[in-house]
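Below you'll find the structure, written out as structure tokens, and then a few comments.
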Amino acid sequence: MEVTEQNQSNTNEQNEEIINVHDVMEILNISNQTVYSYIAKEKLVPINKEDWQIDGGYEFNRSDVLKLKEEMQPTDLTTSDVAKRLGIAQGTVVKYINQGVLPAYKGIYRGKTCNFIKEEDVDRFQKKHKIGTRHTKEFFYRPELNVALLQKYVRGDSTARIMSLEGDMLAITDQEEHLTYKALVEAGYVPAYNIKKQKPITKEGFVKFQFKKHLTVHNPMFTLLDQLYQEISPVNMRINPGIDNNLLLEIRPCLINKLSQDLYEILQNYLINGEVHQRRNGTYFDSNLEIVRMKLTKSQKNLLEEKAKRLNKTIDELIFDAVSLIESTDQNDEENGFSY
């Protein structure tokens, strides 16, 4: 009986697949340094720990490594998981965590300290702030009606603005009346200007502004929108909702008729990325992007293209998200960080 059990044990050992440090790195998706850290902490025990020099390196049972991989899988969501779910950049998720608006806790994943977020906290955050997958242009522009978010409407000396394009579409007047779009038109309000379709601007990047969506018809940013709708049209703009009733306005690099000096100075308070310059012949919105050459292997390039396609982003946007994430998590480089 004892001989049979011993033979069975020897058979199991012989059938066990033996792997090296490089194999462990690939299975766990960790660095060489992390593997040796796991060994030092006895989180991963080589089968030849005492005489590894004879074999020329550490060796492991594959089953032990696979068991560790299962134990390493996070039960809650990573910042990458949340970014995919909300359709936003991973760096933006980190910013929400740092601002305290998205609860998270620290944990170890693949040998690194990471933020983890509970699924119910993501659901509450999404419902409260209405942040989800990428918003379509219909959030701020309805082409079939040629109506834009916050567009100005007039009736004699009275003014109104479109506050929402969802459902029946809501508007507010300077008398603080809340009307559906249909009621607004029936009351005699007409667009203060017509939005004419313009050619797409091919310059790279966007100039970004963030501002509160106050329920009022008078706001400096609304005045800017009136001019942009007329001069570059919604085809060269994006407006998306942010947290705390904020709106994110993105404008392609362009030159428009010169803004008043007062409005130009006010805009600086809302500018979060890019630059605005007063020129002799108008006001120029500059994305402030510069071209950087980067060399990759063919496999790295293919991987980058596949990931960009899966996330519905350009390669430039994907790389910029990665740089922004580094900036968000690097506590030692705040002064030289990238704006996002």
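A quick yes/no check of all residues on (1) assigned to a helix (DSSP H, G or I); (2) surrounded by fewer than 16 Cβ atoms within 10 Å (Cβ to Cβ); (3) in the same structural domain as GLN261 (by TED's automatic domain parsing):
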{"position": "LYS199", "(1), (2), (3)": "no, yes, yes"}
{"position": "GLU204", "(1), (2), (3)": "no, yes, yes"}
{"position": "LYS208", "(1), (2), (3)": "no, no, yes"}
{"position": "HIS214", "(1), (2), (3)": "no, yes, yes"}
{"position": "HIS218", "(1), (2), (3)": "no, yes, yes"}
{"position": "PHE222", "(1), (2), (3)": "yes, no, yes"}
{"position": "GLN230", "(1), (2), (3)": "yes, no, yes"}
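What pairs come out if I take residues in the range 165-190 that are within 21 Å of GLU144 (Cβ to Cβ) and pair them with residues that are polar (S, T, N, Q) and surrounded by 15 or more Cβ atoms within 10 Å (Cβ to Cβ) whose C-beta lies under 6 Å away, six or more apart or interchain?
Between residues of the range 165-190 that are within 21 Å of GLU144 (Cβ to Cβ) and residues that are polar (S, T, N, Q) and surrounded by 15 or more Cβ atoms within 10 Å (Cβ to Cβ), the close pairs are LEU170/SER164.
The rows are residues; the columns are (1) of a type in the set (S, T, N, Q); (2) in a helix (DSSP H, G or I); (3) not assigned by TED's automatic domain parsing to the domain that holds ASN240.
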site: LEU68; (1), (2), (3): no, yes, yes
site: ILE97; (1), (2), (3): no, yes, yes
site: PHE125; (1), (2), (3): no, yes, yes
site: LEU150; (1), (2), (3): no, no, no
site: ALA183; (1), (2), (3): no, yes, no
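Conditions: (1) more than 30 Å from LEU150 (Cα to Cα); (2) modelled with pLDDT of 95 or more; (3) aliphatic (A, V, I, L, M). LEU318 meets all but one. Number of the miss?
LEU318 satisfies every listed condition except (2).
Confirm whether VAL276 is part of a strand (DSSP E or B) and in the same structural domain as GLU144 (by TED's automatic domain parsing).
yes
Hey, can you tell me all the residues within the range 185-197 that are part of a strand (DSSP E or B) and among the β-branched types (Val, Ile, Thr)?
Matches in the range 185-197: VAL190 only.
Given the options LEU259, LEU247, name the one that is under 30 Å from PRO191 (Cβ atoms) and under 28 Å from the mean Cα position of the chain (by Cα).
Exactly one of LEU259, LEU247 is under 30 Å from PRO191 (Cβ atoms) and under 28 Å from the mean Cα position of the chain (by Cα), namely LEU247.
With the condition kept exactly as written, say whether any residue in the range 41-52 is part of a helix (DSSP H, G or I), of a type in the set (D, E, K, R) and not assigned by TED's automatic domain parsing to the domain that holds TYR105.
no
Has the range 199-219 got any residue that is over 21 Å from VAL276 (Cβ atoms) and among the aromatic types (Phe, Trp, Tyr)?
no
Quick one: would you say ASP244 is touching a residue at least 60 places away in the same chain (Cβ under 8 Å), of a type in the set (Asp, Glu) and not in a loop (DSSP other than H, G, I, E, B)?
No; evaluated as a whole, the condition is false for this residue.
Sort out which residues of the range 98-120 are surrounded by fewer than 17 Cβ atoms within 10 Å (Cβ to Cβ), of a type in the set (Gly, Ala, Ser) and touching a strand residue (DSSP E or B) at 6+ places or on another chain (Cβ under 9 Å), and write them in order of number.
Across the range 98-120, the qualifying residue is only GLY107.
How many residues does the range 51-62 hold that are modelled with pLDDT of 90 or more and surrounded by 13 or more Cβ atoms within 10 Å (Cβ to Cβ)?
Looking only at that region, the number is 6.
Look through the range 23-42, keep the residues that are out of contact with any helix residue (DSSP H, G or I) (no Cβ under 7 Å at 6 or more places or on another chain) and surrounded by 15 or more Cβ atoms within 10 Å (Cβ to Cβ), and return whichever of them is farthest from TYR109 (Cα to Cα).
This residue is ASP23.
The values are calculated or read from the model by the stated rules, or taken from the named source; none is laboratory data. These figures come from a predicted structure and were not determined experimentally. All Cβ positions, glycine included, derive from the backbone under ideal geometry; neighbour counts span all protein chains shown.
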